[in-house]
Amino acid sequence: MHRLRVVSGHLSPQNRLGPYSHAQIARSECSASLPVAADDIVVVHGLRTAIGKAKRGSFKDTTPDELLSAVMSAVLRDVGLSPDKLGDVCVGNVLQPGAGALMVRVAQFLSGFPDSVPIYTVNRMCSSGLQALFNVAGGIRNGSYDLGLACGVESMSLRSVGNPGDVSSRLMDNAKARDCLIPMGITSENVAERFGISREKQDAFALSSQQKASKAQERGVFQQEITPLTTRFVDEDGKERTIVVSKDDGIRPGTTVEGLAKLKPAFKPDGSTTAGNSSQVSDGAAAVLLGRRSMVEALNLPVMGVLRACAVVGVPPDLMGIGPAYAIPAALRKSGLSVADVDVFEINEAFASQAAYCVEKLGIPMEKVNPNGGAIALGHPLGCTGARQVVTLLNELKRRGKSRGRYCPFAAWKTSGLIMIDANLLTWHHPPVYFHCCTPLAGSDGTGGCAPLSRCLSAVEWAGFLLRVNPEWPAGTTNSERPL
Amino acid sequence: MKTFRCPSRHGYAAEISPFLPSRLACAASQHYGIAGCGTLLVLDQDEGGIKLIRSFDWNDGLFDVTWSENNEHVLVTGAGDGSVQVWDTANPRGPLQVLKEHTQEWDLERPQSLCTFRGHEGVVYSTVWSPHVTSCFASASGDGTLRVWDVKMGVSRLVIPAHNAEILSCDWCKYDQNVLVTGAVDCGLRVWDLRSTRQPVAELLGHSYAIRRLKFSPFHRTLLASCSYDFTVRIWDFSRPEPLLETLEHHTEFVCGLDFNLHIPNQVVDCAWDETVKVYIPASLADLQPCAD
């Protein structure tokens, strides 16, 4: 790239005459431009179950292995891939004993996967689903296998958050360790107080989530991503019947500001966090099929998006929920992009307090945030949400015909992270350099006119990493791989 | 101001025909000249705007263009692959001639170079014939020197260490055969008198990034224009204590091409990476009378 070097040389500030001081010009690789490579980690397909309200909703009598089995089978069936081709399956889960290590193996056999396909689970709290993606991507990247399934599942009807496990009494002498025991609702209050997110703001955010989700549901937006599940349901009078679940049952179309304002604080007597502006406890599962591009193409499988990079950030345990405010800028910096470059942000709404804080802190225009609603309306099955958001995100991008999506989970206790996904199938090509102080070298497609750079960003609490995904590029003039 | 948009093509050089005041050419490249092909745009301006007369494509970027001074239809472009193309606007099919090896001087009557001038120790960014002395030309180089050459001699007649940075452009004063200006990556313009080259006659500061091209006005002795990576075109009069007359910020990308119209006083054409070519009369010049000498 001799010419690029020459031009870069012209912009270097050495030997500058005159007293002008300027922002540093820095040349950085723009992730938007990485060309297609056989080693790319691509997302082939993803599906989820509907999300049911815990203890009262559609899946209250459904064991998590059934939820998981349904999505795993459906994803493979949709693309016509036989399960023996999977190199590994990783499932995010939080509440099951041992994070569900045995339960998922049962699920695998319920799906008819051969015993030669390995499976394991991962628990990074609310980021587990996303961490599963990270893990599978890592396995592909380190050459362990070519195709893998990354899933998430949770039944909060059958298990609750509670037992912290066996921890030392020394925990009480260590402030940060002690903070790990703070109930989530209290961390929400902490965020609300510390950063001045008023009850009104939280309720407004919650209302927006409900409205967006119910509109999306009405328009049939979720039909593409939900796989219907036939399951058992026990009535109040103890009678068991079979139902088919294909709709999220947590959404409340009739939500109003007045209705939300009437709710009593749920965690602290004079607090601002209520049941209405918190995410719901829910049941659900999601699965995403990932693969190395060369194998995906060899098997004639479709490509929904390409993953590029990961990052993990930690935040104070007592302010769990501010994760995205750290993860998102880290991801943007890595990719040489800015909030303005991103079209859609999916930020997990663990609580309206933290979600609103992150949106405000990063200056993200509200119309870009969670276009189809978030966890407040849809529900938050802990281990599942990360994977669920990827599915929702990719489908949203497909619908918009837009080029880039970013998915951001953020973590509660220690980690915060971001996944960025590109689902662009436009072919455009631009130089892989972004001069920070000038306008980005946005590409032009061959027919004239600039292709829009649109991105999605979504965040889930508890998450741990950033996966950056890039569009399908034609073979470019340079190729710079970013290590995962 | 008249604007011509060339989608997907980023302008590197623009020059107005010495024969037809309404005719101009722009050498432009795809993908900012970093990769891809190039297009030579032959344009015509009238009161309504600028329209495309003809365009020629080349399979590498085109980075400079100049009109022939003995044939109104002929122009020459320099390409990224090291070749020089001679085009005829009356002939749409392709270049009349393609000459390879850009370090050499060409006689269009002969396909081989007439002469090679060695001396510079860096990229030669710009060469300009003297408008006064027929065998003389100047060159600006990445080695920081401005050199003046005589075609009859094989070596440089004069070497001026003009800047401590790469010099991207130079031009002769049209009214004084000893005066030249250089523009460099250090963001400064320096006006030189060949009779005393120890220090510049004037140093013009104002640009915030490297100067890409300079032109002396054909109508005024001390007036010149410069365009830069800082997206601006600036008009200077180095005879004044405050030499910067005007800063034009009508581009949104690096401005690479610049030329004065020889027939329409004070009319300027420029082109930039933002896919536009613009023709205008800068406000600071609009009121000036052409120089009497």
### Message
For the stretch B:68-79, check the following and say yes or no: at least one residue is within 18 Å of the chain's Cα centre (by Cα), within 14 Å of another protein chain (Cβ to nearest Cβ) and either surrounded by 16 or more Cβ atoms within 10 Å (Cβ to Cβ) or charged (D, E, K, R) (or both).
### Response
yes
### Query
Residues that are more than 14 Å from chain A (Cβ to nearest Cβ) and on the phi > 0 side of the Ramachandran plot: which strands (runs of 3 or more DSSP E) entirely in the stretch B:181-271 hold 1 or more of them?
none
### Task
Quickly run through the stretch A:238-272 and pick out the residues that are free of Cβ contacts under 8 Å to residues at least 24 places away in the same chain and within 18 Å of A:Arg219 (Cβ to Cβ).
A:Gly254
### Message
Please pick out the residue among A:Phe109, A:Phe134 that is within 28 Å of A:Pro317 (Cβ to Cβ), among the aromatic types (Phe, Trp, Tyr) and part of a helix (DSSP H, G or I).
### Response
A:Phe134
### Task
Keeping to the stretch B:165-180, report how many residues are among the β-branched types (Val, Ile, Thr) and more than 14 Å from every other protein chain (Cβ to nearest Cβ).
1
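Conditions (1) closer than 28 Å to B:Leu20 by Cβ; (2) touching a residue at least 60 places away in the same chain (Cβ under 8 Å), marked per residue:
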residue	(1), (2)
B:Thr182	no, no
B:Gly188	no, no
B:Ser208	no, no
B:Leu244	no, no
B:Cys256	yes, yes
B:Asn261	yes, yes
B:Pro265	yes, no
B:Asp270	yes, yes
B:Thr276	yes, yes
### Message
Pull out all pairs, ordered by first then second residue, where Cβ-Cβ is under 7 Å, the residues are six or more apart or on different chains, the first lies in the stretch A:3-18 and is within 7 Å of another protein chain (Cβ to nearest Cβ), and the second is modelled with pLDDT under 70.
### Response
A:Leu4/A:Pro431; A:Leu4/A:Val433; A:Leu11/A:Ile25; A:Leu11/A:Phe435
### Message
Looking at the stretch A:320-337, can you tell me whether even one residue there is at pLDDT below 80, touching a strand residue (DSSP E or B) at 6+ places or on another chain (Cβ under 6 Å) and outside any helix (DSSP H, G or I)?
### Response
yes
#### Entry: Selection count where residues are part of a strand (DSSP E or B) and more than 10 Å from chain A (Cβ to nearest Cβ), scope the stretch B:6-20
6
### Test: residue in the stretch B:41-55 that is surrounded by fewer than 19 Cβ atoms within 10 Å (Cβ to Cβ), within 14 Å of another protein chain (Cβ to nearest Cβ), among the charged types (D, E, K, R) and not in a helix (DSSP H, G or I)
no
### Query
Of these, A:Leu110, A:Leu67, A:Leu47, A:Leu34, which one is more than 25 Å from A:Val221 (Cβ to Cβ), in contact with an Asp or Glu (Cβ under 9 Å, 6 or more places away or on another chain) and either modelled with pLDDT of 95 or more or among the basic types (Lys, Arg) (or both)?
A:Leu110
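The values are calculated or read from the model by the stated rules, or taken from the named source; none is laboratory data. Keep in mind it's a predicted model, so treat the numbers as computed, not measured. Neighbour counts run over all protein chains shown; Cβ positions are idealised from the backbone, glycine included.
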